[in-house]
Ligand code: HEM
């Protein structure tokens with residue numbers, strides 16, 4: 001708990017510059033792989049040996065154990081199949097409209113609170129509010145906005161989720177790295193109040209729709225309800241399992257989308273503040289697109305064309321991958337190389353940070369250069385050297401949703417404000433946060449254009 005797990009991953013490669021390295025997680029031997037080639041084997045080529053994650057997925061906590069991120073096979077494959085259609089381009093296009101409304105509110109909040117009042121912005125908190133509003137809209141169809149200083153039921157949950165205290169950090173470390181202890185202590189992925197709150201919001205929205213006879217195709221509530229009806233559950237299971245399976249997905253969409261995107265946006269603005277030339281290129285790209293299309297706000301198709309904007313986000317996730325490692329458990333004995341056999345039950349971690357900082361793939365890796373990605377598309381993992389969203393069958397299901405919610409926010413912010421530095425260039429990471437987060441949230445100065 002003295003340093004973040006992200007820093008641990010970063011230092012591991014410097015201390016042990018090898019293709020793979022063994023680590024004891026307390027008494028349990030684990031393997032870290034640190035090259036693109038080995039990552040490809042574990043995540044894709046021989047994925048049938050590594051189908052599940054290592055982390056705790058116990059039954060003391062239905063929302064924590066039944067969500068797509070934690071759930072194990074065979075339930076996982078059925079869930080993934082059912083949930084994937086929720087993230088098609090067509091649906092994402094509809095959700096982009098909502099994201100753009102939230103991004104407008106983000107721009108207005110910046111004006112109100114940080115330009116007019118001249119207050120210091122906490123980037124991580126600001127972007128967590130934004131992503132929380134977006135998830136409230138797109139998952140639950142709730143139109144109250146914390147960015148608008150309204151009392152948002154979602155923010156009541158997410159504001160706790162994004163505050164990493166020592167104890168919450170410790171609890172999550174056990175869940176991720178010492179599942180046996182997490183099971184013994186019956187730890188929970190989501191706190192009791194958060195779980196209750198998510199259930200309440202979900203059922204309130206459902207009841208309201210039933211009573212008014214309305215449905216909203218833009219958000220995910222309807223799709224989750226359909227999912228419940230379509231599930232083929234084991235014969236002896238009860239409807240409580242179906243309810244929990246559905247609620248668990250709502251819960252993980254909240255956690256998955258709020259933390260990772262707010263971290264990326266925070267680091268991206270920090271880098272732009274220190275890169276005025278790159279910032280100008282980005283501004284020009286957005287401004288040209290607005291002039292070309294004659295629109296006030298760029299829509300899904302317009303945003304997809306902005307290569308430099310994508311490059312800024314992708315390079316930020318290259319240098320600061322929010323999730324520093326990808327965990328799997330070996331489910332049948334596997335020969336990794338001529339020298340290494342991984343025994344069944346061994347946790348295997350792909351060290352994403354070490355691959356993203358490998359000079360063979362990214363020369364001068366400490367430099368932030370969006371041009372590195374100018375010739376790549378969103379789906380390009382640059383031969384397994386770039387994996388902020390993971391890889392293989394368990395890659396991030398919200399990848400395109402996450403990219404889009406960052407695109408709308410960044411495009412609108414950069415068009416209204418110049419970003420200038422307000423904190424030292426080196427940002428420390430929060431030692432208690434399981435994913436990467438800037439200590440103290442990070443900050444910049446917004447100057448209206
Ligand atoms: C910048 C944004 C995001 C980043 C960097 C990110 C990163 C990741 C990573 C690294 C994984 C693990 C992949 C693997 O093990 O191979 C993952 C899985 C997952 N993410 Fe994301 N994520 C982001 C946004 C989102 C969003 C917006 C959602 C929900 C709407 C989401 C939901 C999930 C879920 C449910 C999984 C588990 C997938 C499975 O096991 O089948 N993520 N994400």
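The values are calculated or read from the model by the stated rules, or taken from the named source; none is laboratory data. All figures in this text were calculated on a predicted structure; none of them were measured in a lab. Glycine gets a Cβ as well: all are built from the backbone with ideal geometry, and neighbour counts include every protein chain shown.
Give the stretch 82-94 a look and list any residue that's in contact with a helix residue (DSSP H, G or I) (Cβ under 7 Å, 6 or more places away or on another chain) and farther than 16 Å from residue 249 by Cβ, or say none.
Here is the first cut: in the stretch 82-94, the ones in contact with a helix residue (DSSP H, G or I) (Cβ under 7 Å, 6 or more places away or on another chain) are 82-83, 86-87, 92-93.
Residues satisfying the conditions are 92, 93.
Restricting the stretch 62-102 to residues that are buried (at least 20 other Cβ atoms within 10 Å of the Cβ) and more than 15 Å from the ligand (Cβ to nearest atom) leaves a set whose member that is nearest to the chain's Cα centre (by Cα) is 100.
Can you tell which of 394, 400 is touching a helix residue (DSSP H, G or I) at 6+ places or on another chain (Cβ under 9 Å), within 16 Å of the ligand (Cβ to nearest atom) and over 30 Å from residue 122 (Cα atoms)? Before the answer, list the steps.
Values: 400 fails: over 30 Å from residue 122 (Cα atoms).
After applying the criteria, what remains is 394.
Listed conditions (1) part of a helix (DSSP H, G or I); (2) modelled with pLDDT of 85 or more are all met by residue 67, apart from (1).
In summary, residue 131 fulfils each of the numbered conditions (1) crowded, with 20+ Cβ neighbours inside 10 Å; (2) modelled with pLDDT under 90 with the single exception of condition (2). Could you please give the count of residues in the stretch 356-382 that are loosely packed, with under 15 Cβ neighbours inside 10 Å and either within 16 Å of the ligand (Cβ to nearest atom) or outside any loop (DSSP other than H, G, I, E, B) (or both)? Selection size over the stretch 356-382: 4.
With respect to the conditions (1) touching a residue at least 12 places away in the same chain (Cβ under 8 Å); (2) part of a loop (DSSP other than H, G, I, E, B); (3) more than 30 Å from residue 1 (Cα to Cα), residue 144 lacks only one, and its number is (1). Within the option set 259, 285, 315, 277, being free of Cβ contacts under 8 Å to residues at least 12 places away in the same chain and in a helix (DSSP H, G or I) holds for one residue only, 277.
Yes or no, residue by residue, for (1) under 17 Å from residue 161 (Cα atoms); (2) buried (at least 19 other Cβ atoms within 10 Å of the Cβ); (3) within 13 Å of the ligand (Cβ to nearest atom); (4) at pLDDT 80 or above:
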{"position": "220", "(1), (2), (3), (4)": "no, yes, yes, no"}
{"position": "230", "(1), (2), (3), (4)": "no, no, no, no"}
{"position": "249", "(1), (2), (3), (4)": "yes, yes, yes, yes"}
{"position": "256", "(1), (2), (3), (4)": "yes, yes, yes, yes"}
{"position": "259", "(1), (2), (3), (4)": "yes, yes, yes, yes"}
{"position": "262", "(1), (2), (3), (4)": "yes, yes, yes, yes"}
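If you check 344, 295, 332, which single one turns out to be part of a loop (DSSP other than H, G, I, E, B), touching a residue at least 40 places away in the same chain (Cβ under 8 Å) and more than 15 Å from the ligand (Cβ to nearest atom)?
Details: 344 fails: touching a residue at least 40 places away in the same chain (Cβ under 8 Å); 295 fails: touching a residue at least 40 places away in the same chain (Cβ under 8 Å).
From the options 344, 295, 332, the qualifying one is 332.
Given the criteria at pLDDT 95 or above, over 20 Å from the mean Cα position of the chain (by Cα) and surrounded by fewer than 22 Cβ atoms within 10 Å (Cβ to Cβ), does residue 421 qualify? Spelling it out, residue 421 is indeed at pLDDT 95 or above, over 20 Å from the mean Cα position of the chain (by Cα) and surrounded by fewer than 22 Cβ atoms within 10 Å (Cβ to Cβ).
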